[in-house]
Amino acid sequence: MENIKEEKLKNIINRIYSVEKNNDKTRTLSESVMKEKIIKIIKEEVDK
Amino acid sequence: MILKRIKYHNFRPFIGDQEINLEINDYNKNVIVLLGDNTRGKSTFVSSFVWCLYGEDRFNKKDSLLNEKVLNNMSDGDTESVYVEIEFEDGAGDEKKIYLIRREKIYQKGVQGISKLDRVSLSYEDKDGKTKPVKDNDIKNVINAILPSDLSAFIFFEGEKDNEVQKKDLGDAVRTLLGLAAFTNMKKHLYGPPESNKFRSDSVLGKLQAELANLGSSEELSRLLKKKETWEEELSNYNEDLNIHSNSIKEIEQKKTKLEEELRAAEPSKKLQIQRENLNAKLNRDKENHNKKLNDLVRLFGRKSLFLFIYPLLSKAQDRLEAMNIADKGIKGIDAQALDELLNRGKCLCGTDLRDGSMAYNEIKKYYEILPPKAVGTLVAELEDAMAASVEERNSFMENFDNLYKDILNLSQSINDTQKEIDYISDELKRVSDIDVKTLETYRNDCEVNLKQLRDKESIAKANIIAKGKDIEKISDEIAKFQLKIVKADKHKLYFEYAQAVYEWLDKEYSRKEKAILARLNKNV
């Protein structure tokens, strides 16, 4: 876990939270799509 | 949630279409006051939100949604509808959306009474201005995510009623209102059900771990590198084998060339050597035959030479007996004793009756005079026959002896001639250098056999080198790809670690904060 940067972690949490909250109020994305979206967010933020 | 407008159609006291604009343009003046006499629709206004958003009928008189006048005016076969439509805003920034919900009840009057059909639709306009419908099954969840129904009584509070909020467990509703439900979903998506000992394979952590597993490990890379090293060593051995075989082939080819030169030089003596070999074979055959004939001659002499030596005596005896003419006409092999026997028996051998005094009897009697013992002529005749046979034997012996002797002489001559020829050829060979062509040819044939074997080995070594080269090329590509995978795997490991960190943060920090918020809410609410 020594590789984890707090700033990145914070960004990931905020982005995932935003997507989750948004989907709560639209239900446009299925469970599997949500999981893929979370994976995409993590990869994007780590790759930044 | 900001209410923007509400529209009624035949809803309780509101006949036809009625719309109330709730939008506030000046946020310093953000209070709307509704004034009205009793039964003018103030409570209906508050409860209409609850019915429209949640489908809950909180009116004192149940199932009284359609305006009474409209309902009373319906005839059989008529259809009327009542609906409430609310436009509201939720979210901020990029997440801001304009929602439109409409709940409708359709009434149809028939002979058997009034049948009712409920309908609800929800759509939202995203930041790009596109309208998207919410699936029917999700409408309740979406509305609850915006404003939980359990907390609706706080917002659409009607002072004249017992709003029953204190009787409910408001935990989930508060969590939803505060947006904490999104955290719960995050945990669920990242890990799976919280009661599980390990994250689920279809969770975010599970999927990232599976991706990582597919990218291979450094142990696998070490294994491939080791394999490549072994193959390179094998290739080096094959190259070494190829060099050894190629050098051996060169050496043997040189040797073969030299032998062929020697054989070409020995071509004249080769013919003489063949001639000499043939003559030697003939000489051996003749000698063998000569010995055989000599043996035959000795055997013939041993068996038959007596007739040769008695011949002079026999010749003289024959001349004398001829001169004496004592050979008569007796019957050979028959003497007087045999006649006695026949006469005693009274019957001849031919069956003729030999009675005393008969003609046949008297005829027999006459032979006593010319047969032994009274006559010797018969014996002399027999002797003459025996002597003639001996002469025949002597003649036969002489003929055979003569033939054998001639053969022996011929063979002796042939042996002498052949030996002379052999001696002559040997002298010739000495003159043209007597090289052993056969041995040279044997050596050359050995060279060819060795060359064939070595060329086979060389071909195998070449094929092995090509095959191993391809294997090494393939494994090198695999290693290169694997090294890229390792780099990728390091990155994936980091993705997984971040996902784990997010989950751990949610598990620890969020739980702690959630407990604190709920404690405060329980105390205050």
Flag for B:S236 being away from every other protein chain (no Cβ under 14 Å) and not β-branched (V, I, T): yes
Here are some conditions: (1) of a type outside the set (S, T, N, Q); (2) in a helix (DSSP H, G or I); (3) within 30 Å of A:I12 (Cβ to Cβ). B:D202 meets all but one. Which one does it not meet? (2)
Hey, B:E478 within 31 Å of the chain's Cα centre (by Cα) and charged (D, E, K, R) or not: yes
Among the candidates B:I517, B:I465, B:I486, which residue alone is β-branched (V, I, T), in contact (Cβ under 8 Å) with a residue 40 or more places away in the chain and farther than 30 Å from B:L225 by Cβ? B:I517
For the stretch B:193-204, what are the residues that are touching a Phe, Trp or Tyr at 6+ places or on another chain (Cβ under 6 Å) and within 10 Å of chain A (Cβ to nearest Cβ)? B:S203
Could you say whether any residue in the stretch B:178-187 is modelled with pLDDT of 85 or more and either more than 12 Å from A:D24 (Cβ to Cβ) or away from chain A (no Cβ under 14 Å) (or both)? yes
Within the stretch B:83-95, residues farther than 20 Å from B:N141 by Cβ and at pLDDT below 95 come out as B:A92, B:G93, B:D94
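Quick check on the stretch B:205-220: of everything there that is assigned to a helix (DSSP H, G or I) and in contact (Cβ under 8 Å) with a residue 60 or more places away in the chain, which residue is nearest to the chain's Cα centre (by Cα)? Quick ask: steps written out before the conclusion?
Our first condition is that a residue be assigned to a helix (DSSP H, G or I); within the stretch B:205-220, this holds for B:205-214, B:218-220.
This time we only want the ones that are in contact (Cβ under 8 Å) with a residue 60 or more places away in the chain, so: B:205, B:208-209, B:211-212, B:218, B:220.
On the way: B:L205: 39, B:L208: 36, B:Q209: 34, B:E211: 31, B:L212: 32, B:S218: 30, B:E220: 25 Å.
Looking at the filtered set, the residue picked out is B:E220.
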Filter pass, A:E20 being in a helix (DSSP H, G or I), among the acidic types (D, E) and either buried (at least 20 other Cβ atoms within 10 Å of the Cβ) or touching a Leu at 6+ places or on another chain (Cβ under 6 Å) (or both): yes
Please determine whether any residue of the stretch B:438-451 is more than 25 Å from B:W231 (Cβ to Cβ), without any contact (Cβ under 8 Å) to a residue 12 or more places away in the chain and within 14 Å of chain A (Cβ to nearest Cβ). no
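Could you check the stretch B:85-147 for strands (runs of 3 or more DSSP E) lying wholly inside it with 1 or more residues that are in contact with a Lys or Arg (Cβ under 8 Å, 6 or more places away or on another chain), facing chain A (nearest Cβ under 8 Å) and of a type in the set (D, E)?
So the answer is none; nothing clears 1.
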When you scan the stretch A:1-47, how many residues do you find that are closer than 30 Å to B:I139 by Cα, of a type in the set (V, I, T) and facing chain B (nearest Cβ under 8 Å)? 8
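The values are calculated or read from the model by the stated rules, or taken from the named source; none is laboratory data. As the structure is a computational prediction, the values presented were derived from the model and not from experiment. Here the Cβ is made from the backbone with ideal geometry for all residues, glycine too, and neighbour counts use every protein chain on show.
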